[in-house]
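What follows is calculated from the coordinates using simple rules that are stated; it is not laboratory data. If you're wondering where the values come from, they're calculated on a predicted model, not measured in any experiment. Ideal geometry is used to build each Cβ from the backbone, glycine not excepted, and the neighbour counts take in all protein chains shown.
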Amino acid sequence: MEITNIFFIIFLSLQIGLIYGLIALGFNLLYSSTRIINITYGDFITLSGYITFWLYSLYNISPFLSLGISSFFLILFTLPFFYILEKFVLSSKNILYIEIWGVIITFGFSIFLQGTMSYLWSAQSRSYAYLDNVIDFFGVSFLLNKFLTTIVAALLIFLLYFLLFKTNIGIMLRGVIQDPELASNLGLNMRKIFLIAFIISSFIASISGVLLSMSFEINPFMGSIYLILAFVIAVVGGIGNPLGSLISGILFGFVDVIISYTIGPSLKFFIIYSLLLLILIYRPWGLMGRGVRYA
Amino acid sequence: MLEIRNISKHFGGIKALDNVTLSLNQNEIVGLIGPNGSGKTTLFNVICGLLKPDKGHIFFNGKEITNLSPEKISRLGISRTFQGTRLVEDLTVIENIIIATLPLTNSYDKAEELARTVINKLGIEKIGEVKVTALTHYERKIVELARTIACKPKVVLIDEIMAGLSEEEQQNIAEIMVWMKKEMNATIFWIEHIIRAMIKLVKVDRIIALESGKLIAEGKPEEVITNKNVIEAYLGITNV
Amino acid sequence: MKKLYVNKHAITKIQTILIITVIVIAAIAGGLIYYFMTQPTQQVAQKTSIKIGFSISLSGVGAAAGTEQYRAYEIWRKWINEQGGIYVEEYKRKLSVEFIYYDDASEPARAASLYEKLIVEDKVDLLLAPWGTFIHLAIVPVIEKYKIPVVGNTAGVDIEKINELNTKYMFFTWPEPKTSAFSLTLFLEELNVKSVAILYAQTDFTVLNAKWNKQYIEEKGFADVVIYEGYPLEVTDVSGILLKVKDKNPEAVVVHSYPADAILVTSQMKELKINPKVFILGVGGQLLAYKQRFDDQTKEGVIAINNWHPDFYPESKELYNKYILEYGYNPPSHTLGLGWLSCLVLQQAIEKAGTLNPEKIREKLATETFNTPFGEVKFENQVNIKSLVVFDQWQEGDLKPVFVTKGSYPNVEKATEYKLAQLIFPKPEW
Ligand SMILES: Nc1ncnc2c1ncn2[C@@H]1O[C@H](COP(=O)(O)OP(=O)(O)OP(=O)(O)O)[C@@H](O)[C@H]1O
Ligand SMILES: [Mg+2]
């Protein structure tokens, strides 16, 4: 294999892996801190993709500006969503109750959002061309939008790393994730931390939505695919383990691309899901270990 | 200061607490003893809001706190340790303390400053940046105490801190507890099976004894441990 | 409400009831939205109108294509009603067309029960086809049972499979794989390319297309098939295969794609600077998302398989313009063409039969030849043997027809009666 091909493979794996890792991270953070399995998560990604699409095709607003605009709207949208869940679900102390009602309510929201989006914008797939020219980089050619997508994803990961591991918000969040009972006993404002978890998760969803829309077509129902992906990767990486999600996402990217190169893509999903099954049989707590005390 | 009135709590068929009434006075150390499963930890859980009592009331400085959330109770100044230590395993020693000081200060810098003062005071500044998973049993206990101290509590609930420690370690912890009483003016409510430590090392002011969720004795340490009911309840368990 | 929350942390019955109430309300609200989404205004009238029922995929995997197909139906309904409706001899006048339809969420089982409901409860006069091959197949038992013909639509079924079905009521209009594959082979032969790479998405329809495509090229022997490889539909990266293609540097790259992968393959071809003389896509290359995803310069010269073109007949242009006016720009996709074709064939069958009797209409469908602005239609053994296959090339941002065949395998021949655009050959580099 030529060296440029190796470069290309690495780049491609990272491009896919970083986004997968990000998506899984957002899902994981919210679940492990609040115990809400947010079915609407995928639809937030879709919504952000649509915001980007419309801003670009109607007003010619660059998707990079949409990173901010879309996050703003999604976070705004998260507030009432959080309020409802807090009122009806999070006020319980029973984890099973939170998990079950969380799924039911967010599932309802998901159907509502998908229905609304397809009503407003139709189910037709959409896409747009932005910075779609090929650039050369160390003798390998990339599409500029993909290249920038990867860079934004990497930057966001650094930002999140800093947030989670170097700030008080991070310490509190990780405390709540690992032992919510202890955290509440230490006087942490659980409501505030839950809200922060919701906001971070929506922020990640919105950035991912913008980035994905630059390479792939969007439609109102695509969220479900990303939701499943997020769930699988988060479980493999370890629930409650943010680094686990990232690493398992990147791993997923590499396995995905390398199988496509060597064995060919026909068997890809078979192999990936077999590996997954093996991991979950031998390490049910995930590759990197679970970060939660009682899961 | 802390008043517990007619508290009952059951789990299915088990009566973990049965109409318990007691009170703690300002700046005293009260021991809580009783055989395994007598409801001591349950009482702590009820006080700090982790469990809701089936009936009864709890007052703190005259204010009812019975149905407040754990975070609110904590912020009123009631802080606890856990049976067998409970730390955030993913964090370092200092972070484990900062997490408790953050709600008091709301600023990372101040929270860290406060946390540092506490670990300096307890002489564990050397292990400040160590992940808690790497600590010994004794160090974990000290970190948990440090975390409790850092909350600047008015009332401290300590759940079995001496178990599994050497004489010298027990001595150190006893000194810290006495210091908490003297310097922090804290009221300490302390569950312990090693009654010798209570009487000889810390010299508690009072002892309360529970059995099967019922309060069976209360008073001066010497009185309680010679109480017939207590000896019966403890038969074969104590090492007085 | 406030009082109910005194016991904040327990799960009280009241909370449970509240939550259930919220969900019920949400479900009703959702249901209403659905209702307004899926129910056009329908006035009940005494045989002044023909009730036509169908289920269509407005959500689920087929939502994108299903929406387009539904809109095509809707445009036809408006168009025919503007002319007063369909003339039915039996009533001695024109009857307007009324739709009753439901979202089948791309689920075959649901579609089957919806068709039964349309027939039994809604008492529709006639039916239109759902979206997608597997849903067509799922409703066959229902229409056989109630003996109501359906002019099929987006169902790419192999001839053997159709014979196996042993259906008398489902009529297939989409050129079956052998036909489109043979047509594609004729096109490649005319271009005189010597080496071809064939890639395909792993769906029944595209696998068959690729298989026959390869076989016919080899039978004719004008070119070598240097790469023949499939990939799963949900693929996120095909560069592994494309690097192999790049190595072989074939003159033609043919991708039997299914919507989403058309974009992926194109963008990675561009990224890897693979520049064949001809680049042909299957389903997906003619859709709106494809047009939007790439700028005109990138698309220039890319070819997509289709089955009509608005420039061929004024009536199809009229429908197409109406569509654009109503729904905004859309390339003249195969979905639109098939949608209108099936409506027009049904319309002509009604006119020819002079009645709404399904059995009589079926007879007409089985025996008559229909002249439509989407080419001639004649069913033999339930399959259209006259079907058009059109190759459209992206030129300056629009799809232009560059090669057309008519007839079904083995009688596929180049059609010369249509005005075509000048083929851009070889395809400009990315
Ligand atoms: N969450 C719970 N669910 C069910 N039963 C419980 C729960 N917590 C405690 N119990 C039961 O309540 C009783 C009192 O338990 P508790 O932990 O308060 O005892 P303890 O006095 O602290 O004992 P030890 O000295 O062993 O710590 C026991 O029978 C215990 O099994
Ligand atoms: Mg205990």
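Please list, in order, the residues from the range C:211-254 whose amide nitrogen is less than 14 Å from a point placed 7 Å along the Cα→Cβ vector of C:E189.
Backbone N within reach: C:213-224.
Just to be sure I understand the model, the point goes 7 Å from the Cα along the line to the Cβ. What's the resulting C:K317 to A:K192 distance in nm?
Here the answer is 6.9 nm between the modelled labels.
Using the Cα centre as the reference, give the magnitude of the dipole from point charges on the C-beta atoms of chain A (Lys, Arg: +1; Asp, Glu: -1; all else neutral), rounded to the nearest 20 debye.
700
How much length would be gained if the chain were fully extended between C:I324 and C:N81, taking 0.36 nm per residue of separation minus their Cα-Cα distance, in nm to one decimal?
Length gained between C:I324 and C:N81: 85.7 nm.
Sorting A:R191, B:R80 on the 10 Å Cβ count, fewest up front, what's the list?
By the 10 Å Cβ count, ascending, the order reads A:R191, B:R80.
Helix hunt in chain C: which complete DSSP H runs extend at least 27 Å axially by C-alpha with mean Kyte-Doolittle at least 1.0?
Helix filter hits for chain C: C:13-38.
How many angstrom separate the Cα center of the range B:165-200 from the Cα center of the range C:143-211?
Centre-to-centre (Cα) distance: 85 Å.
Over the alpha-carbon set of the protein assembly as shown, work out the extent along each principal axis and list the three values in angstrom, largest first.
Sorted from largest, the Cα extents of the protein assembly as shown read 114, 71, 49 Å.
As I understand it, the dipole of the protein assembly as shown uses +1 on the Cβ of Lys and Arg and -1 on the Cβ of Asp and Glu, about the Cα centre. Which of C:A197, C:L338, A:F81 lies farthest toward its positive end?
So the residue furthest toward the plus end is A:F81.
Report the FRET efficiency, 1/(1 + (r/R0)^6), for A:I61 and A:Y119, where r is their Cβ-Cβ distance and R0 is 30 Å, rounded to 0.05.
On the way: r = 24 Å, r/R0 = 0.80.
For A:I61 and A:Y119, the calculated efficiency is 0.80.
In square nanometres, what is one fourth of the surface area of the convex hull spanned by the alpha carbons of chain B?
12.7
Quick one: check the C-alpha center-to-center distance for the range A:88-119 versus the range B:10-63, whole angstrom.
37
Taking only Cα atoms, what is the 0 to 90° angle, nearest 10, from helix A:168-178's long axis to the longest principal axis of chain A?
Once rounded, one gets 70 degrees.
Order of C:W394, A:W285 from fewest to most other C-beta atoms within 10 Å?
By the 10 Å Cβ count, ascending, the order reads A:W285, C:W394.
Taking 1 over the mean of 1/r across every pair of different Cα atoms in the range B:1-88, what Kirkwood radius in Å do you get? Can you show the working numbers first?
Values: mean 1/r = 0.0736 Å⁻¹.
Evaluated on the range B:1-88, it is 13.6 Å.
In the Gaussian network model of chain A, springs joining C-alpha atoms below 10 Å, which of A:G26, A:G253, A:G170 carries the largest mean-square fluctuation?
The residue with the greatest mean-square fluctuation here is A:G170.
With +1 on each Lys and Arg Cβ and -1 on each Asp and Glu Cβ, and nothing else charged, work out how big the dipole of chain C is about its Cα centre, in Debye to the nearest 20. Intermediate results must be reported in sequence, preceding the final value.
On the way: 46 positive and 50 negative charges, 237 e Å.
Charge dipole, chain C, about its Cα centre: 1140 debye, nearest 20.
Treat each spin label as a single point 7 Å out from the Cα along the C-beta direction, and report the B:K15 to B:E113 distance in nm.
It works out to 5.3 nm between the two label points.
Amide H neighbours of C:L128 under 5 Å, at least 5 residues apart or on other chains, H built in the peptide plane: list them.
C:G53, C:F54
Which percentage, to the nearest 5, of the DSSP beta bridges contained in chain C is antiparallel?
Antiparallel: roughly 40 percent of the beta bridges in chain C.
Taking Cα atoms, how many degrees apart are the long axis of helix B:108-121 and the longest axis of chain B, rounded to 10 and kept between 0 and 90?
70
By how many nm would the segment from C:F425 to C:K244 grow when fully extended, if each residue of separation counts as 0.36 nm and the alpha-carbon distance is taken off?
Separation in residues times 0.36 nm, less the Cα-Cα distance, equals 62.8 nm.
Roughly what angle does helix A:144-166 make with the longest principal axis of chain A, taking Cα atoms, 0 to 90 degrees, to the nearest 10?
That helix lies at roughly 30 degrees to the long axis.
Using 22 Å as the Cα-Cα cut-off, could you pick out the over-long pairs in C:K47/C:K317; C:K147/C:K360; C:K248/C:K414; C:K244/C:K277; C:K161/C:K244?
Check vs 22 Å cut-off fails for C:K47/C:K317; C:K248/C:K414; C:K161/C:K244.
At a threshold of 8 angstrom on Cα-Cα distance, excluding pairs fewer than six apart, so keeping six or more, what relative contact order does chain B reach in percent?
27
So for the pair B:E183, A:I258, with labels modelled 7 Å out along Cα→Cβ, what separation do we get in nm?
5.6
Mind giving me the FRET efficiency for B:R5 and A:S141? R0 is 60 Å, r the Cβ-Cβ distance, nearest 0.05 is fine. It would help to have the intermediate numbers written out before the result.
Working: r = 77 Å, r/R0 = 1.29.
Rounded to the nearest 0.05, the efficiency is 0.20.
Treat every Asp and Glu Cβ in the range C:50-102 as -1 and every Lys and Arg Cβ as +1, leave all other atoms uncharged, and give the resulting dipole magnitude about the Cα centre to the nearest 20 debye.
The dipole of the range C:50-102 has a size of about 140 debye.
Which one of A:L148, A:F216, A:F165 has its Cα pushed farthest toward the positive end of the charge dipole of the range A:3-282, where Lys and Arg give +1 and Asp and Glu give -1 at the Cβ?
Among A:L148, A:F216, A:F165, the one farthest towards the positive end of the dipole of the range A:3-282 is A:F165.
Looking at chain A from every direction and averaging, what is the projected area of its Cα convex hull in nm²?
Computed as one quarter of the Cα hull surface, the answer is 15.8 nm².
I'd like the FRET efficiency for C:K414 and C:E368, computed as 1/(1 + (r/R0)^6) with the beta carbon distance as r and R0 of 30 Å, rounded to 0.05.
The computed FRET efficiency comes out at 0.70.
What is the sum of charges around B:H193, taking Lys and Arg as +1, Asp and Glu as -1, for the other residues whose C-beta is under 13 Å from the C-beta of B:H193? Intermediate results must be reported in sequence, preceding the final value.
Details: positive: B:K40, B:R196; negative: B:D159, B:E160, B:E192.
Local charge sum for B:H193: -1.
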